[in-house]
Amino acid sequence: MAESKSEVLRLENLSAGFNGKAVVEGVFLTVKRGSVVAIAGGNGAGKSTLLKTIARLIPAVNGKILIEGNDLAALPLPLLAKKLAYVPQDIAASRDLTVEDMIALGRNPHQKWWQWRTAQNDKAAIENAINATQLSELRGKSVTEISGGERQRTAIAMSLAQEPEILLLDEPTAHLDFKHQKSLMHLLLQLKSKDMTIITCLHDLNFISQVCDQVLCVKKTARGPSTQLFAGAPQEVLTRENLQSAFDTELRIIQDSSNPESNSVFFGL
Amino acid sequence: MTSALPSKPNMALRLVILTGALMGGFITSVCIGDVFVAPREALELILGGTSSISTPGVADILTQIRLPRTLIATAVGAALAVSGYILQALSRNPLADPYLTGVSSGAGLAVAAAIILGLDFSLMPASAFLGGLAAAILVAQMARRAGGLSVTRLILGGVAISAVCGSLITLIITQSGGAPQAQGIIFWLAGGIAGRGWNDLGTLSIYTIGGIIATLLLSKQIRVLTLGDETAQALGVDVSRLQWVLLACAVLMCGAAVSASGLVAFVGLIAPNLARMLFVRDERVEIIASALIGAVLVTVSDLAARTLGQGQELPLGTLLSLVGGPFFLYLISTSRGEDA
């Protein structure tokens, strides 16, 4: 499809941070529709800050974010929430809602502000989200009683119910066991096949190399803010030299001999 | 498991019981006093406008004193309860209420100033509202931090504002040189609805009904806000605008209540907490239940205030604090110390 090649998001010399002080600066990135992009880097390098800035939860310190060619900062909030969904690393479960109630809140940008009733298209979106995240057995449970991994899947389901064009995930694998990490990989690839664009902060190089089309790596500099260390296709940029430089530690890359195509990256002592 | 969840019919039954309790309390309050009136006669008079009461003056006592007073008690209770519900939702803390957040004392100071300046009584709700709003804005500014309100700072700031407003009220009273208005302030500070009539009900009921309707309309957004400011914003909610609108609703209702009844503490704290214990997982039901519980509490307390005292009325606010204080301690000892 020609359309799937179109540019959906562009970061132009973006600086992200808090209260006008940059945590990350000088980021350039072009994201095509239907691609999966990972933001990688060491602890405190500003991955989450960058993601929150793209979600417009915090204003950009400098530079520009263009969404389908338009300035992100000028987009009305309700429209933004229809185009872009954001899943935090940990979602607050201060209120005793059921899993299904929480997922239903993903419909908020598509509903009137006073509207509680779920229309037919809302119901369909909620059902799709529950099925995609395999939460049907938990739908009646309270979000205060489920595990961290289950809550993370609930948060992802809520963002899917939002039916966004771009999905932003902050460390989506943080609380997931191997089985659910693997199903998340399948889910992301499935969403990608439906032309959804995904940008995610990730530590797991194995996950990145198997699922992502692009990886952007940020690294702290001696003078303060992090900068972009490298960006590109995982096969090209996830080299031993790049990774050692990114994480300031000795690394080895081991290819799975039974599947040389897999591009698996592991680290060992 | 979700076994702790009451079923839907159970919740409906509880709402019916609450409504019944309010109606019962209301009728009892209208009937009991220095002169006793049979409930049937009272109902005939209120609903039908025809009176079978033969004793001269009794019908007037009912329609001109007890009925407006009971209606005011109902409205004050509902307004304070929903105001408390909003403040608890805003701060994500079950301990917040119009007092702890400084709104009541700000309203109180403004009314005290208005009384001493000899302003017309019709201006009381407006001055209470402005005072409450000023206090709320001050506290909110102090509690403001990147991406929302800090609960700890909100309550610390509220306590500080309350202390300052309390001192200023004392200053006004002591420096008034024994003016008759000072007596009025002291009486008013203890909280009570004695001597209020139909004139006071108009403004109060408009603010209360308007505030409750606005809160019900915003109930879905209140639920989204429980997910945290960032998640709410990502779901298309203009978080700071919503916070200001909710704060304005809380201040309006609280200000109207304070101007009608003086400082009546703890209703705003107890009613929403009871409502959340009795009705889970539906903000709309919780808001209605808060209003009903608050209305029952103040109506019954006002009845007790004017009937239990030996010859003289007990201060309503004092009576409620006597019950509210221990309940507050109980809440503190059982809450999970969430402090973000």
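Quick notes on this one:
- Computed over chain B, Cα set: Rg, Dmax in Å: 20.2, 67
- Centroid-to-centroid, using Cα positions, region B:51-100 and region B:179-236 are 11 Å apart.
- Pair B:Arg241, B:Ile32: separation of 7 Å Cα→Cβ label points (nm): 4.9 nm
- Using the Cβ-Cβ distance between B:Glu44 and B:Thr334 with R0 = 56 Å, the FRET efficiency computed as 1/(1 + (r/R0)^6) comes to roughly 0.75.
- Solvent-accessible surface of region B:8-333, averaged per residue with a 1.4 angstrom probe and all protein chains in place: 41 square angstrom.
- Across peptide B:235-242, the mean count of Cβ atoms from other chains lying within 10 Å of each residue's own Cβ comes to 5.
- Tensor-based shape of region A:91-153 (alpha-carbon gyration tensor, a/c under 1.5 rounded, otherwise prolate or oblate): oblate
- Peptide A:54-62 is shielded by partner chain Cβ atoms: per residue, an average of 2 of them sit within 10 Å of its Cβ.
- Note that region A:22-180 carries a Kirkwood radius of 16.8 Å, evaluated over its alpha carbons pair by pair.
- Pairwise FRET efficiency - A:His186 versus B:Ile206, Cβ, R0 = 45 Å, nearest 0.05: 0.20
- Cα-based Rg / Dmax (Å) for chain A: 18.6, 57
- Placing pseudo-labels 7 Å out from each Cα toward the beta carbon at A:His203 and B:Leu168 gives an inter-label distance of 5.1 nm.
- Mean residue ellipticity at 222 nm, helices only, chain A: -9000 deg cm²/dmol; runs of at least 4 DSSP H residues each add -39,500 (n - 2.57), and the sum is divided by the number of residues.
- Chymotrypsin sites (Phe, Trp or Tyr not before Pro) restricted to region B:127-198 and DSSP loop, no more than 15 other C-beta within 10 Å: none
- Straight-line cross-link reach from A:Lys82 at under 28 Å between alpha-carbon atoms covers these lysines, not counting any fewer than eight positions away in the same chain: A:Lys5, A:Lys32, A:Lys47, A:Lys52, A:Lys64, A:Lys112, A:Lys123, A:Lys141, A:Lys182, A:Lys192, A:Lys194, B:Lys220.
- Residues listed by number, region B:262-290, amide nitrogen under 20 Å from B:Ala12 label point at 7 Å toward C-beta: B:278-290
- Each DSSP beta bridge with both residues in chain A is either parallel or antiparallel, and the antiparallel ones are about 55%.
- Counting 0.36 nm for each residue step from A:Lys112 to A:Thr144 and taking away their Cα separation leaves a gain of 8.8 nm.
- For the residues B:Tyr330, A:Tyr86, B:Tyr99, a 1.4 Å probe over the protein chains yields an accessible-area ranking, largest first, of B:Tyr330, B:Tyr99, A:Tyr86.
- Under a 5 Å amide H cut-off, with hydrogens placed 1.01 Å from N, A:Val8 pairs with A:Val31, A:Lys32, A:Arg33 among residues at least 5 apart or on other chains.
- Per-residue ellipticity at 222 nm from helix content only, as computed over chain B with -39500 (n - 2.57) for each DSSP H run of at least four residues, stands at -23000 deg cm²/dmol.
- Rg and Dmax of the protein assembly as shown, based on Cα coordinates, read 29.5, 105 Å.
The values are calculated or read from the model by the stated rules, or taken from the named source; none is laboratory data. What you are looking at is a predicted structure, and each value in this text was computed from that prediction instead of being measured. No Cβ is skipped: glycine too gets one built from the backbone with ideal geometry, and neighbour counts run over all protein chains shown. Surface accessibility is based on the protein's heavy atoms, side chains included, excluding ligands, DNA and RNA. Shrake-Rupley method; radii C 1.70, N 1.55, O 1.52, S 1.80 Å.
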